[in-house]
């Protein structure tokens, strides 16, 4: 199965890069994982709501251009459905049965524009807490790995 994670912004901290690389390595036995990093736009110090909206639209256009044709898209956003590890596992299983690529989208610190949310087949939330978008990538990769371990009946998930 092909899984793509489209992220706005690069990992800047070595410990996050190391964790991401570890999960990419672990996932290699289950799927083909592509991580697409898109540049985040600079946010002016005293950005207005209009400035932030323009930034989100520009970032969103870049995200939308990277979604493979026919993909099942899951946008990670605060207003999404709260999901469990078992829910992530079910998304992986159900999507793999369709033969469609699975895409997860992580926005910038401003979030995701409405056009990206509308393109999404599913909106996901990992809870009511706010996580930095760079850390969210590691959390997502761990949950995808956990999802595969659940599907394979291995004891990683307790």
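Below is a table of values for the structure above.
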quantity	calculated
Selection from region 93-124 of residues that are part of a loop (DSSP other than H, G, I, E, B), under 12 Å from residue 80 (Cβ atoms) and touching a residue at least 60 places away in the same chain (Cβ under 8 Å)	107
Residue list for region 36-61, filter: in a helix (DSSP H, G or I) and under 15 Å from the mean Cα position of the chain (by Cα)	59, 60
Cβ-Cβ under 7 Å pairs, at least 6 apart or on other chains, region 127-140 side without any contact (Cβ under 8 Å) to a residue 40 or more places away in the chain, far side outside any helix (DSSP H, G or I) and buried (at least 17 other Cβ atoms within 10 Å of the Cβ)	139/126
Region 67-96: number of residues that are touching a strand residue (DSSP E or B) at 6+ places or on another chain (Cβ under 9 Å), within 21 Å of residue 138 (Cα to Cα), at pLDDT 95 or above and loosely packed, with under 14 Cβ neighbours inside 10 Å	2
Filter result for the condition that a residue is farther than 13 Å from residue 102 by Cα and either assigned to a helix (DSSP H, G or I) or under 13 Å from the mean Cα position of the chain (by Cα) (or both), over 33, 64	64
Qualifying position, being out of contact with any strand residue (DSSP E or B) (no Cβ under 7 Å at 6 or more places or on another chain), modelled with pLDDT of 95 or more and within 27 Å of residue 98 (Cα to Cα), among 14, 25, 58	25
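The values are calculated or read from the model by the stated rules, or taken from the named source; none is laboratory data. On a predicted model such as this, the values are computed, not experimentally measured, just so you know. Cβ atoms come from the backbone with ideal geometry, glycine included; neighbour counts cover every protein chain shown.
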